[in-house]
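Notes to accompany the following structure.
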Amino acid sequence: MSTSDDVSRALQVLRSGAAEIIPEDELNAKLSRSAREGRPLRIKLGIDPSAPDLHLGHAVVIGALRRFQDLGHVAVLIVGDFTGRVGDPSGQSETRPMLTADALEANARTYLEQADRVLDLGRAEVRWNSEWLAALRFDDVARLASVLTVARLLDRDDFSERYREGRPISLSEFLYPLMQGYDSVAIEADVELGGTDQTFNLLVGRDIQRAHGQEPQVAFTVPLLQGTDGVRKMSKTYGNHIGLTDPPEEQFGKTMSIPDALIPRWFRLCTGLSPEELDAIERGLADGSLHPAQAKRRLAAEIVGRYHGPEAAAHAEERFDRVHREHELPEEVPESAIPPEAVHDGKVWLPRLLAATGLASSNAEARRLIEQGGVRIDGEPVSDPDVEVRAEDLTGRVLQVGRRRFLRLA
């Protein structure tokens, strides 16, 4: 295969999971030069460890970095231990609270452990941006700030909306895209990856590199992944997420619950299938030769297999069938004593019990789950959120929330 064929194939693989490549002709030129000169490109992804856990939405952009890595390029993963103290203002309606260095370091350890399920960290270059940002003097910051105008910063949707509505914008938030752009200078990035909400920051990186005499990076964005509800982007806040460390049966069952309309997008963003396989699946769904339920099963197996291995995927599918097709309890149901705080005068109010056992995040969420018919006791649905049950009558019975969460009360 010729060099031009190799570059064309690489672009096809990369384009498959991209939202936008700005500009694509520059990426083509960089890939061609890399192939001619035998110099791999430096592909940058920055992560601010603002929370301890990763979900499939985070894995989309890490997966894009892995595709570059598998094509022979250098994956540079930047841990934003400095930028994370400020917090990325992208998509934020108010200033984020600043995190402590200890909290960021603890989150970063978990991030890296989980990112290793997608990226080969053994072949990656992992950097912490405090290496260069903490060393800047005030005159360095002033020169950096001179690259951008306030007018351009206020062109950002999140900043312009907050400014128009009189909500505060801190100067540190204005500095954030400059710090992220300086990361690109420090590691000499050829390409920077990010979600579509990162487009502004990635383009600022191009300006900062030009100002420092470097060839500007290509801004490579990936789509934001819609969550299991099919409406909002995946987020722990919305409860529509699938965690990378969720148990196999959780990942399988949650994937089977997504709306059919999400199947093609999830295949493209959440699996490592080739562009040809992805195109075939989309054609099959479009012409009816592939049933959505069959496609969804493969999608669930691909996701579980990616994070837990094929054996775990097969077991998760078997368990799913046993619980959902045959309406049997799973082989192993965790047990828990009724928490004392859930009992009052010998009676248990179910919303408080669900919250106390961790089957719901709060009494309010538990009430909502009951009202929606999502709670069962020994397979029988509970419809009244105000019902109270004697504690002794609950001993030995199985609480079920949704399709996948079970708890036997001891």
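The values are calculated or read from the model by the stated rules, or taken from the named source; none is laboratory data. Because the structure is a prediction, the values reported are computed rather than measured. Quick reminder, even Gly has a Cβ in these numbers, built from the backbone with ideal geometry, and neighbours come from all protein chains shown. Areas reflect the complete protein model, heavy atoms only, side chains present, ligands, DNA and RNA absent. Shrake-Rupley method; radii C 1.70, N 1.55, O 1.52, S 1.80 Å.
Against the definition (farther than 28 Å from G57 by Cβ, open to solvent by 20 Å² or more (accessible area, probe 1.4 Å) and either at pLDDT below 95 or over 22 Å from the mean Cα position of the chain (by Cα) (or both)), how does R137 come out, yes or no?
So R137 fits the description; yes.
Need the failing condition index for V231 against (1) under 20 Å from G63 (Cα atoms); (2) exposed (fewer than 15 other Cβ atoms within 10 Å of the Cβ); (3) β-branched (V, I, T), just the number.
(1)
For D155, are the conditions met, namely being open to solvent by 70 Å² or more (accessible area, probe 1.4 Å) and either in contact with an Asp or Glu (Cβ under 6 Å, 6 or more places away or on another chain) or acidic (D, E) (or both)?
The answer is yes for D155.
Check E131, E161 and return the single one that is closer than 30 Å to Q69 by Cβ, surrounded by fewer than 16 Cβ atoms within 10 Å (Cβ to Cβ) and within 28 Å of the chain's Cα centre (by Cα). Walk me through how you get there before you give the answer.
On the way: E161 fails: closer than 30 Å to Q69 by Cβ.
Only one candidate passes the filter, namely E131.
Looking only at the stretch 376-400, count every residue that is of a type in the set (A, V, I, L, M) and either without any contact (Cβ under 8 Å) to a residue 12 or more places away in the chain or more than 14 Å from W349 (Cα to Cα) (or both) and tell me the total.
Residues of the stretch 376-400 that are of a type in the set (A, V, I, L, M), as a first pass: 377, 382, 387, 389, 391, 394, 398-399.
From what is left, the residues that are either without any contact (Cβ under 8 Å) to a residue 12 or more places away in the chain or more than 14 Å from W349 (Cα to Cα) (or both) are 398.
Looking only at that region, the number is 1.
With the condition kept exactly as written, say whether any residue in the stretch 55-78 is farther than 24 Å from L273 by Cα, at pLDDT 90 or above and not hydroxyl-bearing (S, T, Y). Talk me through it step by step, then tell me what you get.
Within the stretch 55-78, the first condition is being farther than 24 Å from L273 by Cα, and the residues that meet it are 78.
Those left that are additionally at pLDDT 90 or above: 78.
With not hydroxyl-bearing (S, T, Y) added as a condition, the list becomes 78.
Yes, the stretch 55-78 contains at least one residue that is farther than 24 Å from L273 by Cα, at pLDDT 90 or above and not hydroxyl-bearing (S, T, Y).
For the condition within 25 Å of M234 (Cα to Cα), in contact (Cβ under 8 Å) with a residue 24 or more places away in the chain and either assigned to a strand (DSSP E or B) or open to solvent by less than 20 Å² (accessible area, probe 1.4 Å) (or both), what is the one hit in L31, L14, L27?
L14
What tally of residues in the stretch 197-233 results from selecting those that are over 27 Å from L175 (Cα atoms) and not small (G, A, S)?
Step one: filter the stretch 197-233 for residues over 27 Å from L175 (Cα atoms), giving 225-232.
From what is left, the residues that are not small (G, A, S) are 225-226, 228-229, 231-232.
Adding up the residues that qualify gives 6.
Say we look at the stretch 81-115 and pick out the residues that are in a loop (DSSP other than H, G, I, E, B), open to solvent by less than 60 Å² (accessible area, probe 1.4 Å) and farther than 11 Å from E173 by Cα; which of these is modelled with the lowest pLDDT?
Step by step, filter the stretch 81-115, then rank; the result is L99.
Taking into account only those residues within the stretch 375-388 that are among the hydrophobic types (A, V, I, L, M, F, W, C) and modelled with pLDDT under 85, which is farthest from the chain's Cα centre (by Cα)? Don't jump to the end; show me each part of the working.
Keep residues of the stretch 375-388 that are among the hydrophobic types (A, V, I, L, M, F, W, C), which gives 375, 377, 382, 387.
Applying the additional criterion that residues be modelled with pLDDT under 85 yields 377, 382, 387.
Details: I377: 33, V382: 34, V387: 38 Å.
Restricting to residues being among the hydrophobic types (A, V, I, L, M, F, W, C) and modelled with pLDDT under 85, the top hit is V387.
Does L369 satisfy the criteria of being touching a Pro at 6+ places or on another chain (Cβ under 9 Å) and either under 18 Å from Y238 (Cβ atoms) or open to solvent by 40 Å² or more (accessible area, probe 1.4 Å) (or both)?
yes
Give all pairs with beta carbons closer than 8 Å in which a residue from the stretch 126-154 that is within 26 Å of P49 (Cβ to Cβ) meets a residue that is of a type in the set (D, E) and not in a strand (DSSP E or B); count only pairs at least 6 apart in sequence or on separate chains.
Hits for this filter: W128/D81; N129/D81; N129/D183; S130/D81; W132/D183; L133/D183; L148/D207.
Identify all residues within the stretch 51-70 that are crowded, with 19+ Cβ neighbours inside 10 Å and outside any helix (DSSP H, G or I); write none if there are none.
L54, H55
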